[in-house]
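The values are calculated or read from the model by the stated rules, or taken from the named source; none is laboratory data. Only a predicted model underlies this, so the values are computations on that prediction, with no experimental measurement involved. Reconstructed Cβ throughout: ideal geometry from the backbone, glycine too, with neighbour counts over all protein chains shown.
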Amino acid sequence: MLKILKKFQAKVIRGQGRGRGLGYPTANLDKTDLDLPHGVYIVKTAIAQRKEHYGLMHFGPKAVFKEPVSLEIWIKDFVGDLYGAELAVAVIKKLRETEEFADPAALTAAIDGDRRALEDFVSQQE
C-alpha cells in the first residue's frame, strides 16, 4: 500500500514548452499554493478519472530559467494533449530538493537521474 503525502487536483495550463525541448514534456498546472515543501516528488496521476500513471513532479522556482514558483509533472508512459484537463495527483515520495543548475544540460542530467529513481520505485511496486 502506497503512503500518500498529499492529494490534490489541478487544471493543465499552457507552459513555455521547455520541458518538451529537454526531452521531458510536462503538464504545467494552475496550482502553486500547495502545503508541501518545494522539491521533486514521485507522484501518481489520473487524467479525468481514467488510467493512472506514475510521474515526476517539480514544485518550486525554475532557477535555471529565472522563473517563480510553478508546479509541473512529467507523466511516465503518457503521450497526448492534456491542455485544459483536470489532473488528480497523489504525491508519494520526495526525491530531492529543488536545485539551481548552471544550464539546461545540467538540469536534464538531474531529471535523467530522477527518472531512473522513478523507474526503480515503480519496479518495486510491481
Can you spot a residue in region 86-99 that is within 16 Å of residue 20 (Cα to Cα), under 11 Å from the mean Cα position of the chain (by Cα) and aliphatic (A, V, I, L, M)?
-> no
Within region 35-69, residues at pLDDT 90 or above, in a strand (DSSP E or B) and closer than 19 Å to residue 110 by Cα come out as 39, 40, 41, 42, 43, 54, 55, 56, 57, 58, 59, 60
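Any idea which residue in region 31-54 is surrounded by the most Cβ atoms within 10 Å (Cβ to Cβ), counting only those that are of a type in the set (S, T, N, Q) and farther than 16 Å from residue 125 by Cα?
Restricting to residues being of a type in the set (S, T, N, Q) and farther than 16 Å from residue 125 by Cα, the top hit is 32.
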Taking region 17-34, which residues are in a loop (DSSP other than H, G, I, E, B), closer than 23 Å to residue 113 by Cβ and of a type outside the set (A, V, I, L, M)?
-> 17, 23, 24, 25
Output for region 70-114, where each listed residue is in a helix (DSSP H, G or I), of a type outside the set (A, V, I, L, M, F, W, C) and touching a strand residue (DSSP E or B) at 6+ places or on another chain (Cβ under 9 Å) | 113, 114
Which residue, of 82, 29, is touching a residue at least 12 places away in the same chain (Cβ under 8 Å), aliphatic (A, V, I, L, M) and touching an Asp or Glu at 6+ places or on another chain (Cβ under 7 Å)?
-> 29
Going through region 60-77 one residue at a time, which ones are of a type outside the set (Lys, Arg), under 14 Å from residue 19 (Cα atoms) and within 15 Å of the chain's Cα centre (by Cα)?
-> 70, 71, 72, 73, 74, 75
Mind counting the residues in region 72-126 that are within 20 Å of residue 62 (Cβ to Cβ), surrounded by fewer than 11 Cβ atoms within 10 Å (Cβ to Cβ) and β-branched (Val, Ile, Thr)?
-> 0
Do we have any residue at all in region 4-21 that's under 11 Å from the mean Cα position of the chain (by Cα) and under 27 Å from residue 126 (Cα atoms)?
-> no
Test result for residue 57, free of Cβ contacts under 8 Å to residues at least 40 places away in the same chain, surrounded by 16 or more Cβ atoms within 10 Å (Cβ to Cβ) and within 20 Å of residue 121 (Cβ to Cβ) | yes
Evaluation of residue 104 against (1) in contact with a Leu (Cβ under 8 Å, 6 or more places away or on another chain); (2) at pLDDT below 95; (3) closer than 21 Å to residue 7 by Cα (one fails), failing number | (3)
